[in-house]
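The values are calculated or read from the model by the stated rules, or taken from the named source; none is laboratory data. Bear in mind the structure is a predicted one, so any value in this text is a computation, not a measurement. Heads up, the Cβs are rebuilt from the backbone with ideal geometry, glycines too, and the neighbour counts pull from every protein chain shown. All accessible areas refer to the heavy atoms of the entire protein, side chains included, with ligands and DNA or RNA removed. Shrake-Rupley method; radii C 1.70, N 1.55, O 1.52, S 1.80 Å.
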Amino acid sequence: MKAVRTTITTTTALLLLSIISSSQALADDSSGSLAAALEQTKPLVDIRLRYEEVEQTGFVDNAHAETLRVRLGAETGKFLDTSVLAEGEAMIRLDRDYRPDNAVATYTRFPIVADPENYVLNRLSITNTSLPQTSLTIGRQRMNLDDQRFVGSSNWRQNEVTFDAVRVVNKSVANLTVDLTFLNKVHRPYGVDSPQGTYKGDSYLSNIAYQSPIGKLTAFAYLLDFDPIAGLTGAFDPRRGSTSTYGGRFVGSQPVGVAKIGYVASYAWQKSRDGNPVKFSNDYYLGELNFTVENIKLAAGEEIMQGNGTVGFTTPLATLHLFEGWADKFLTTPANGIKDPYGSLGWTGSHLLGLDSLAASAIYRTFEAERVNVSYGSEWDFALTGKWHHYAALLQYASYNAAVSTPVAIARSTTKFWAQLEYIW
């Protein structure tokens, strides 16, 4: 941790020296340069209208969530190698027939749809590129590392995850990317009014990637430390996410005749950190092979997250909707871990039905415990997406069927449906 902190401090100092030294050269034309930066300001517009319905065993009422999310902001051009980004967000509940926060005992007759009403400063950051092949971003920002299994913005939810952080990305060495981050706040999808809406604590992220002719090899270390929050105990205690995770990932593809063979392999080892009230050590595995011919892609793989009988492998900063089924039944890994073998079929097309692009996908998954011989159930997921200029439309469906033989219900049978229209500029 001291090494990471020293690296960030040193890099920040060098950037400040670079800015000071370059300001003299720009003094005669500083006003013009500033004017050019302002003229190059780009608007940020993201408007998303969504309907989500959830039918879950154990609830008499289905959840009906009609929500409108609006993000508006701007990013300036560069002045003294520095740009500024500011973005606000409003998330409006058009229909309140759903429970937005599982840590608050309201709307409890409905299943959970984690999209609470929220009005917030989503992003506010400064980025400097004074040092060659290096960017430094300070402030509230979005981060997506690799496939987002360990660090992501969770943009699937209407309120995305943003981080108050200092992030340094260096590409001085050919094919090598060094990505270092210090963060002390995580703004979560539950919003500013939720007791679990913001996690605080000093955390460190290190991600180093090398691009080879046969694939991208990444080594990472994620050291998370979260402070306790009054009133949040047990599974809601942020300190249960205080972990040290070390691992690697390799992903690539090779042409074979008219086809392309892709491969993904990842491993991580995780242990609890000092602030965590539960002591554990668990492993993570992922393997996938995929096969693409023209516009059709087949994939098969398995993800394994260990559990020791008390707690499972945890990924509190992940974009969870991307993994272990779109019904989101395993956002927290069961105490006995989980094995998730899956197969998927995808198709993409362009310039069809007046659209720029059209895509369809289907995924089948089964879930079982990693530590003991217990089935959790299975799930079918389907999606249809279309894009036209700045617009994107989505239909998505997920059906999770709990295993009837499971001695203790890990998750209840659930079906979910989404219809969404988004405008991005």
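Looking at Thr41, Thr57, Thr67, which is the one that is surrounded by fewer than 15 Cβ atoms within 10 Å (Cβ to Cβ) and farther than 19 Å from Arg140 by Cβ?
Numbers: Thr41 fails: farther than 19 Å from Arg140 by Cβ; Thr67 fails: surrounded by fewer than 15 Cβ atoms within 10 Å (Cβ to Cβ).
None of the others qualify; the one that does is Thr57.
Taken over region 279-302, the criterion of being under 22 Å from Leu224 (Cα atoms), of a type outside the set (Phe, Trp, Tyr) and in contact (Cβ under 8 Å) with a residue 24 or more places away in the chain is satisfied by Ser281, Asn282, Asp283, Leu286.
Keeping to region 117-149, report how many residues are of a type in the set (A, V, I, L, M, F, W, C) and either under 28 Å from Thr106 (Cβ atoms) or open to solvent by 30 Å² or more (accessible area, probe 1.4 Å) (or both). Walk me through it before giving the result.
If we filter region 117-149 for residues that are of a type in the set (A, V, I, L, M, F, W, C), which is where we start, we get 120-121, 124, 126, 131, 136, 138, 143, 145.
Filter once more, so that each one left must be either under 28 Å from Thr106 (Cβ atoms) or open to solvent by 30 Å² or more (accessible area, probe 1.4 Å) (or both): 120-121, 124, 126, 131, 138.
Final tally of qualifying residues: 6.
Residue pairs whose Cβ atoms lie under 7 Å apart, separated by 6 or more positions or on different chains, with the first residue in region 219-248 and farther than 25 Å from Ser206 by Cα and the second open to solvent by 10 Å² or more (accessible area, probe 1.4 Å) and among the hydrophobic types (A, V, I, L, M, F, W, C), are Leu232/Ala103; Phe236/Ala103. Considering Gly337, Gly349, Gly325, Gly343, the condition of being of a type outside the set (S, T, N, Q), touching a Leu at 6+ places or on another chain (Cβ under 7 Å) and modelled with pLDDT of 95 or more is satisfied by Gly349 alone.
If a residue has to be part of a helix (DSSP H, G or I) and in contact with a Phe, Trp or Tyr (Cβ under 6 Å, 6 or more places away or on another chain) to count, how many in region 233-248 make the cut?
Our first condition is that a residue be part of a helix (DSSP H, G or I); within region 233-248, this holds for 234-236, 238-241.
From what is left, the residues that are in contact with a Phe, Trp or Tyr (Cβ under 6 Å, 6 or more places away or on another chain) are 238-239, 241.
Residues meeting the conditions: 3.
Scanning region 353-388 for residues that are part of a loop (DSSP other than H, G, I, E, B) and either of a type in the set (Val, Ile, Thr) or touching a residue at least 24 places away in the same chain (Cβ under 8 Å) (or both) gives Leu353, Gly354, Ala369, Glu370, Arg371, Val372, Val374. If you go through region 360-393 and keep only what is open to solvent by less than 30 Å² (accessible area, probe 1.4 Å), closer than 10 Å to Ile338 by Cα and of a type in the set (A, V, I, L, M, F, W, C), you end up with Phe367, Ala369.
Residue-wise test of (1) crowded, with 17+ Cβ neighbours inside 10 Å; (2) under 30 Å from Lys171 (Cα atoms); (3) among the aromatic types (Phe, Trp, Tyr).
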| position | (1), (2), (3) |
| --- | --- |
| Ala230 | no, no, no |
| Arg239 | yes, no, no |
| Gly247 | yes, yes, no |
| Phe250 | no, yes, yes |
| Trp269 | no, yes, yes |
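Among the residues of region 174-212, write down those that are farther than 21 Å from Arg149 by Cα and among the charged types (D, E, K, R). The answer is Asp193, and nothing else.
Summed over region 70-88, the residues that are among the charged types (D, E, K, R) and open to solvent by 30 Å² or more (accessible area, probe 1.4 Å) give a count of 3.
Checking each residue in region 298-310 for being open to solvent by 20 Å² or more (accessible area, probe 1.4 Å), touching a Lys or Arg at 6+ places or on another chain (Cβ under 8 Å) and not acidic (Asp, Glu) picks out Ile304, Gln306, Asn308, Gly309.
Within region 167-182, take every residue that is open to solvent by less than 30 Å² (accessible area, probe 1.4 Å) and touching a residue at least 40 places away in the same chain (Cβ under 8 Å) and give me the one that is farthest from Gly241 (Cα to Cα).
Applying the first criterion (open to solvent by less than 30 Å² (accessible area, probe 1.4 Å)) to region 167-182 yields 168-169, 179-181.
Subsequent filtering for residues that are touching a residue at least 40 places away in the same chain (Cβ under 8 Å) retains 168, 180.
Working: Val168: 24, Leu180: 20 Å.
Checked region 167-182; the qualifying residue farthest from Gly241 (Cα to Cα) is Val168.
A Cβ distance below 9 Å, combined with a sequence gap of six or more or placement on separate chains, defines the contacts here; from region 320-332, residues that are of a type in the set (Ser, Thr, Tyr) reach residues that are open to solvent by less than 40 Å² (accessible area, probe 1.4 Å) and modelled with pLDDT of 95 or more in the pairs Thr332/Gly312; Thr332/Thr314. You will find that of Ala369, Ala392, the residue that is modelled with pLDDT of 95 or more and closer than 30 Å to Val293 by Cβ is Ala392 and no other.
Evaluate region 395-412: report whether one residue or more is outside any strand (DSSP E or B) and modelled with pLDDT of 95 or more. Outline the logic, then answer.
Of all residues in region 395-412, those outside any strand (DSSP E or B) come to 403-412.
Going one step further and asking which of them are modelled with pLDDT of 95 or more, we end up with none.
No, because not a single residue in region 395-412 is outside any strand (DSSP E or B) and modelled with pLDDT of 95 or more.
Of everything in region 183-196 that is surrounded by 19 or more Cβ atoms within 10 Å (Cβ to Cβ) and free of Cβ contacts under 8 Å to residues at least 40 places away in the same chain, the residue that is farthest from Leu124 (Cα to Cα) is Arg188. Residue count for region 197-218 satisfying the condition of being touching a residue at least 24 places away in the same chain (Cβ under 8 Å), open to solvent by 20 Å² or more (accessible area, probe 1.4 Å) and over 23 Å from Ser125 (Cβ atoms): 6.
Residues that are closer than 22 Å to Ala268 by Cβ, at least 1 per element: which strands (runs of 3 or more DSSP E) completely within region 128-222 meet that? I'd like the intermediate steps shown before the answer.
Numbers: elements: 134-141, 162-170, 176-187, 198-212.
The qualifying strands (runs of 3 or more DSSP E) are 162-170, 176-187, 198-212.
The residue list Leu353, Leu331, Leu322 contains one member that is over 28 Å from Glu160 (Cα atoms) and either in contact with a helix residue (DSSP H, G or I) (Cβ under 6 Å, 6 or more places away or on another chain) or not polar (S, T, N, Q) (or both), which is Leu353.
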